[in-house]
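Each remark here refers to the structure printed beneath this line.
The numbers here are math on the coordinates, done by the rules we state, and not lab data. In this text the structure is predicted, and so the values were computed from the model without any measurement. Virtual Cβ from ideal backbone geometry, glycine too; neighbours counted across all protein chains shown.
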Amino acid sequence: AQSVTQPDIHITVSEGASLELRCNYSYGATPYLFWYVQSPGQGLQLLLKYFSGDTLVQGIKGFEAEFKRSQSSFNLRKPSVHWSDAAEYFCAVGSNFGNEKLTFGTGTRLTIIP
Amino acid sequence: ETGVTQSPTHLIKTRGQQVTLRCSSQSGHNTVSWYQQALGQGPQFIFQYYREEENGRGNFPPRFSGLQFPNYSSELNVNALELDDSALYLCASSFRPTALSSYNEQFFGPGTRLTVL
């Protein structure tokens, strides 16, 4: 069964500092991997996705993520965070067996301090 | 292009009641998935509908049921509500060219917040 672990429940970062959010997955085949962001009371917005090819993927809002098969990881990074990046971030793995079922991690809440 | 919309935005019910949540998929999409997001948790897959047929189901009891209509909009029905059903219910739509096509990106609606008292 597929699963996702986000080991950091809450991270606090100063505005302008770099950011890395960790994600580890478990999946039997080549995974489809995603990062979503959720602001309070809102739905999910896709930041970036990995299906195949280049293991470093670029997303919206200056985010990037690197797929490392040997470590079963798909960590999200941003070189310089902005106050507007404060939100909940979810890593997810997608099924490639006949439907678009997504399995999400429990999320990492990002707080930005001035 | 209209995105995924959900109604109502908020809903309050009591234990034992039944509820129906609605989702309009993005224009051109033929697949709808429903997720339950409890407070402080990640979303959990309830089920997916593709061309009006259920196409995969998560670990939810039968009192969670759904429908997809010919226009690809969808309903989520929950019978005999329990306190633990309180959550944000998210709908996501995608376009699946064929039943055997590989993963297709999903687009999420804003959700319906259900509170069960």
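Residues that are among the small types (G, A, S): find the strands (runs of 3 or more DSSP E) completely inside the range B:1-104 holding 2 or more of those.
Counting at least 2 such residues, we get B:64-68, B:87-94.
Among the strands (runs of 3 or more DSSP E) confined wholly to the range A:38-114, which include 1 or more residues that are in contact with a strand residue (DSSP E or B) (Cβ under 8 Å, 6 or more places away or on another chain), farther than 21 Å from B:V32 by Cα and among the hydroxyl-bearing types (S, T, Y)?
Of the strands (runs of 3 or more DSSP E) lying wholly inside the range A:38-114, those with at least 1 residues that are in contact with a strand residue (DSSP E or B) (Cβ under 8 Å, 6 or more places away or on another chain), farther than 21 Å from B:V32 by Cα and among the hydroxyl-bearing types (S, T, Y) span A:45-50, A:73-78, A:87-94, A:108-113.
In the range A:95-104, is there at least one residue being within 9 Å of chain B (Cβ to nearest Cβ), out of contact with any Gly (no Cβ under 7 Å at 6 or more places or on another chain) and within 22 Å of B:R113 (Cα to Cα)?
Yes, the range A:95-104 has at least one match.
Tally the residues that are surrounded by 13 or more Cβ atoms within 10 Å (Cβ to Cβ) and within 13 Å of chain A (Cβ to nearest Cβ), restricting the search to the range B:52-67.
Residues that pass the stated criteria total 6.
Let me confirm something: among A:L44, A:L33, A:L19, A:L48, which residue is within 13 Å of another protein chain (Cβ to nearest Cβ) and in contact with a helix residue (DSSP H, G or I) (Cβ under 8 Å, 6 or more places away or on another chain)?
A:L48
A:G16 - would you say it is in a loop (DSSP other than H, G, I, E, B), of a type in the set (G, A, S) and either closer than 29 Å to B:N55 by Cβ or without any contact (Cβ under 8 Å) to a residue 24 or more places away in the chain (or both)? Talk me through it step by step, then tell me what you get.
Values: in a loop (DSSP other than H, G, I, E, B): yes; of a type in the set (G, A, S): yes; either closer than 29 Å to B:N55 by Cβ or without any contact (Cβ under 8 Å) to a residue 24 or more places away in the chain (or both): no.
Answer is no for this residue.
Residues B:T9, B:T31: which one is among the β-branched types (V, I, T), closer than 21 Å to A:G94 by Cβ, touching a strand residue (DSSP E or B) at 6+ places or on another chain (Cβ under 7 Å) and in contact (Cβ under 8 Å) with a residue 60 or more places away in the chain? I'd like the intermediate steps shown before the answer.
Working: B:T9 fails: closer than 21 Å to A:G94 by Cβ.
None of the others qualify; the one that does is B:T31.
Would you be able to tell me the number of residues in the range A:11-58 that are farther than 16 Å from A:T111 by Cβ and of a type in the set (S, T, Y)?
9
So, A:Q6, is that one in contact (Cβ under 8 Å) with a residue 40 or more places away in the chain, surrounded by 13 or more Cβ atoms within 10 Å (Cβ to Cβ) and either within 14 Å of chain B (Cβ to nearest Cβ) or closer than 18 Å to B:Q37 by Cβ (or both) or not? Please lay out each step first, then the result.
On the way: in contact (Cβ under 8 Å) with a residue 40 or more places away in the chain: yes; surrounded by 13 or more Cβ atoms within 10 Å (Cβ to Cβ): yes; either within 14 Å of chain B (Cβ to nearest Cβ) or closer than 18 Å to B:Q37 by Cβ (or both): yes.
Yes.
Just wondering, is there one or more residues in the range A:71-84 that are in contact with a helix residue (DSSP H, G or I) (Cβ under 8 Å, 6 or more places away or on another chain), closer than 29 Å to B:Y89 by Cβ and either more than 11 Å from chain B (Cβ to nearest Cβ) or not acidic (D, E) (or both)?
no
Could you list, in sequence order, all residues of the range B:73-104 that are in contact with an Asp or Glu (Cβ under 8 Å, 6 or more places away or on another chain) and within 14 Å of chain A (Cβ to nearest Cβ)?
Once the filter is applied, which keeps residues that are in contact with an Asp or Glu (Cβ under 8 Å, 6 or more places away or on another chain) and within 14 Å of chain A (Cβ to nearest Cβ), the range B:73-104 yields B:A92, B:S94, B:R96, B:Y103, B:N104.
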